[in-house]
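Please read the structure below before turning to the comments.
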Amino acid sequence: MVITEKLSIKTRGNCDVVDITSQVQQALDHSDLNDGTATLFNVGSTAGLTTVEFEPGLVNHDLAAAFEQVAPEHGTYQHELTWHDDNGHAHVRASLLGPSLVVPFVDGRLTLGTWQQIVLIDFDTRSRTRTIICQIIGE
């Protein structure tokens, strides 16, 4: 069986890290499926999905610092020169992180580690409401 839900996530932009684990688990709970996979996909090109230990030092500093080294906010981007906007770094960062994630579930529970949460990272330069497609496949 395949069940698809849309999750609506409000973000602040600028490398905002949002824990969406509970929303994904709620979608799984509504599915009444026991075993399978939850595939998550961010609609848009300036945010991505991953798993982390959702603790203040990592989500409020370390991730932003790492992404700043890889794709600096004030770097030179052809995207900005072409479109005359300010989010070239957001597109690069999101491309490197990726828009999707697959998490298995067993007995109706996501198989995450003790300190592991599913997060959306919004790299854009403004607040947004993001749509995450949550497609649950299982039995």
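Rule-based calculations on the coordinates, nothing more; no lab input. Just so it is clear, the model here is predicted, and its values are computed rather than measured. Methodologically, a virtual Cβ is constructed for each residue, glycine included, from the backbone with ideal geometry; neighbour enumeration extends over all protein chains shown.
Would you mind stating whether GLY57 is surrounded by fewer than 15 Cβ atoms within 10 Å (Cβ to Cβ), part of a helix (DSSP H, G or I) and not basic (Lys, Arg)?
Details: surrounded by fewer than 15 Cβ atoms within 10 Å (Cβ to Cβ): yes; part of a helix (DSSP H, G or I): yes; not basic (Lys, Arg): yes.
Yes; evaluated as a whole, the condition is true for this residue.
How about the range 77-130: which of its residues are crowded, with 19+ Cβ neighbours inside 10 Å and of a type in the set (S, T, N, Q)?
Matches in the range 77-130: ASN87, GLN117.
Residues in the range 96-132 that are among the hydrophobic types (A, V, I, L, M, F, W, C) and under 11 Å from the mean Cα position of the chain (by Cα): how many? Working first, answer last.
Quick first cut of the range 96-132, residues among the hydrophobic types (A, V, I, L, M, F, W, C) only: 96-97, 101-103, 105-106, 110, 112, 115, 118-121, 123, 132.
Those left that are additionally under 11 Å from the mean Cα position of the chain (by Cα): 97, 101, 118-121, 123, 132.
Looking only at that region, the number is 8.
Can you tell me which residue in the range 1-51 is surrounded by the most Cβ atoms within 10 Å (Cβ to Cβ), limited to those that are assigned to a strand (DSSP E or B) and hydroxyl-bearing (Ser, Thr, Tyr)? Spell out the reasoning first.
Step one: list which residues in the range 1-51 are assigned to a strand (DSSP E or B), which gives 2-11, 16-19, 36-43, 47-51.
Now restrict to residues that are hydroxyl-bearing (Ser, Thr, Tyr): 4, 8, 11, 37, 39, 50-51.
Values: THR4: 12, SER8: 9, THR11: 20, THR37: 14, THR39: 16, THR50: 14, THR51: 15.
Of everything passing the filter in the range 1-51, THR11 is surrounded by the most Cβ atoms within 10 Å (Cβ to Cβ).
Can you give me the number of residues within the range 91-124 that are touching a helix residue (DSSP H, G or I) at 6+ places or on another chain (Cβ under 9 Å) and closer than 18 Å to ASP29 by Cβ?
Narrowing the range 91-124 to residues touching a helix residue (DSSP H, G or I) at 6+ places or on another chain (Cβ under 9 Å): 91-93, 96-97, 103, 105, 108-110, 112, 116-119, 121-124.
Now restrict to residues that are closer than 18 Å to ASP29 by Cβ: 103, 105, 108-110, 112, 117-118.
Residues in the range 91-124 being touching a helix residue (DSSP H, G or I) at 6+ places or on another chain (Cβ under 9 Å) and closer than 18 Å to ASP29 by Cβ: 8 in total.
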